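J.: Pasting a structure here, questions to come.
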Amino acid sequence: MCRELESLPITCLERAKELKALFRSFLQKPDLSIISDSHKTDKIRLNMDEPLKWRQSFENLLSNQHGLCLFRAFLVSEFSEENIAFYLACEDYRITKPSSKLSAKAKKIYEEFVCSDAPREVNLDHDTKAITKKNLERPSQSCFSLAQEKIYALMEKDCYPRFLKSITYLEISRQVKAS
């Protein structure tokens, strides 16, 4: 396993360490506060009902800043962070304006996540990859929609249930119930 870690770019390893530290600090805080990445001294308060809402639906988890952060850290710990990174890149791409930037952004997302041998290749079937590649000929806000839907479904069916069973989520839920 250590040899596999050595092959990762140093920035990935550093980010994983940061997220692990964030997890640890989050769990050690009795008031359920976490430290913001951008302002190390600012505290972000976790609303007591947030972790319970995350269990209700995957959409609730992703639409919550703290839930998304913890889910992303969980995926980093499982070496599958590329899924949420792709999903978020597609979300950002969909709202890209002006449309003159779509082509360059689409190419970057495709090369990073979709094409064969991409550095952060997501798990897409051949047909979805082919459709996505064809969509790049005329980039629009929806050219990654099918691929994004597939990755969302994959995370919802596979990663999300594991997250809800993770030690981190269970500990957060326990602390919330004890408060």
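The values are calculated or read from the model by the stated rules, or taken from the named source; none is laboratory data. In this text, all values refer to a predicted model and were calculated from it rather than measured experimentally. Cβ coordinates were reconstructed from backbone atoms using ideal geometry, including for glycine residues, and neighbour counts include every protein chain displayed. Only protein heavy atoms, including side chains, enter the accessible area calculation; ligands, DNA and RNA are left aside. Shrake-Rupley method; radii C 1.70, N 1.55, O 1.52, S 1.80 Å.
J.: Arrange the peptides 68-74, 158-164 so that the one whose residues have, on average, the most other Cβ atoms within 10 Å appears first. If you can, show how the numbers build up before the last one.
T.: Numbers: 68-74: 21.4, 158-164: 16.4.
Ranked by mean Cβ neighbours within 10 Å, highest first: 68-74, 158-164.
J.: Shifting gears a bit: Just the number please: accessible area per residue for region 67-169, 1.4 Å probe, all protein chains included, in Å².
T.: On the way: 5530 Å² over 103 residues.
Roughly 54 Å² per residue, with all protein chains present.
J.: On the protein heavy atoms, probe 1.4 angstrom, tell me the percent of accessible surface of region 57-114 carried by carbon and sulfur.
T.: Looking at region 57-114 in its full context, I get 51 percent from C and S.
J.: Quick one: Karplus J couplings for region 153-160, per residue in order, coefficients 6.51, -1.76, 1.60, θ = phi - 60°, nearest Hz, x for Gly and Pro?
T.: Per residue, the Karplus-derived 3J(HN,Hα) values read 4, 4, 5, 5, 7, 10, 6, 4 Hz.
J.: Right, next: Using unit Cβ charges (K, R positive; D, E negative) and no other charged atoms, how large, in debye to the nearest 20, is the dipole of region 49-115 about its Cα centre? Working shown, then result.
T.: Values: 9 positive and 10 negative charges, 78 e Å.
Rounded to the nearest 20 debye, it is 380 debye.
J.: Based on the Cβ-Cβ distance from K108 to K133, what FRET efficiency comes out when R0 is 22 Å, to the nearest 0.05?
T.: Calculated transfer efficiency: 0.95.
J.: Pairs K107/K165; K107/K150; K101/K150: which are spaced more than 31 Å apart, C-alpha to C-alpha?
T.: Too far apart for the 31 Å limit: K107/K165.
J.: I would also like to ask the following. Grab the Cα-Cα distance for K177 and N123, subtract it from 0.36 nm times how many residues apart they are, and report the gain in nm with one decimal.
T.: My answer for the length gained is 15.8 nm.
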